[in-house]
Amino acid sequence: MGQRSEKNANSTFISYGMYDHYYVFMKDNRYLCTLKNDMEHPLEQFKHCPKCGAAGFRVHDFKSKRCGKCGFTYYFNASAATAAFILNEREELLVCRRKNDPAKGTWDLPGGFIDPDETAEEGIRREIKEETSLEARECRYLFSLPNRYEYAGFTVHTLDLFFLCRVDDFRPLAAHDDASECFFLPLRDIRPSQFGLASIRKAATLFLQTRRFPDESPAME
Ligand SMILES: [Zn+2]
């Protein structure tokens, strides 16, 4: 077990690496939390208390920091996001190309972050409309995958909710917003490696596996 890193002078902890995770201890050797080895504290870049502005916003546990001055504790939870599998009448999958970083130019599925006070079903319908101009009639939840989304040098931890969405009329299809183009591909031509975001790549693999066994597929009818 070796020392992995000593955090900046503002922090009061030292971490030790072991296998795929590491343990974080206070300088008085009091155990604080366990982090995955490839994951920095999600609030690492937050140096000041968001409530009173004081420095000394310190690691409280693996997903929170606490202000040493006013005692405010902020918990960093995963942001909810959605993504849609949409098939046309020929069983071809609707694929978008990402217009923006992260992973600009790679394949993607329609989807995005859920807004405050929005349901996941509303969120996925809104994103489909914004990115493809299509109206989803029915959205059936399939499964979820955690992801890390790099934005402006900051790691956003997400929980991506995947839906199988039914669209009746594809005539309005046009790429907008975060999508530079949208196109249909037969499932045999879907290459999961072309999806730039890790959770989408994994989801595409899972989805293709289910479609190869029609009896077990999550088809809607
Ligand atoms: Zn404070």
Hey, does the stretch 62-82 have a residue that's buried (at least 18 other Cβ atoms within 10 Å of the Cβ) and under 17 Å from CYS165 (Cα atoms)?
yes
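Matching residues to (1) charged (D, E, K, R); (2) part of a loop (DSSP other than H, G, I, E, B); (3) in contact with a Leu (Cβ under 6 Å, 6 or more places away or on another chain):
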| position | (1), (2), (3) |
| --- | --- |
| ASP115 | yes, yes, no |
| GLU122 | yes, no, no |
| ARG126 | yes, no, no |
| PHE143 | no, no, no |
| VAL156 | no, no, no |
Return yes or no: is THR82 within 16 Å of ILE200 (Cα to Cα), hydroxyl-bearing (Ser, Thr, Tyr) and touching a strand residue (DSSP E or B) at 6+ places or on another chain (Cβ under 7 Å)?
yes
In this structure, is ALA103 assigned to a strand (DSSP E or B), touching a Gly at 6+ places or on another chain (Cβ under 9 Å) and assigned by TED's automatic domain parsing to the domain that holds ARG188?
no
Among the numbered conditions (1) under 22 Å from THR155 (Cβ atoms); (2) within 9 Å of the ligand (Cβ to nearest atom), tell me where ALA78 comes up short.
(2)
If I filter the stretch 170-184 for residues that are under 19 Å from the mean Cα position of the chain (by Cα), in a strand (DSSP E or B), surrounded by 17 or more Cβ atoms within 10 Å (Cβ to Cβ) and hydrophobic (A, V, I, L, M, F, W, C), do I get at least one hit?
yes
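The values are calculated or read from the model by the stated rules, or taken from the named source; none is laboratory data. Here the structure is a predicted model, which means the values were calculated and not measured. Positions of Cβ are backbone-derived with ideal geometry, glycine not excepted, and every protein chain shown enters the neighbour counts.
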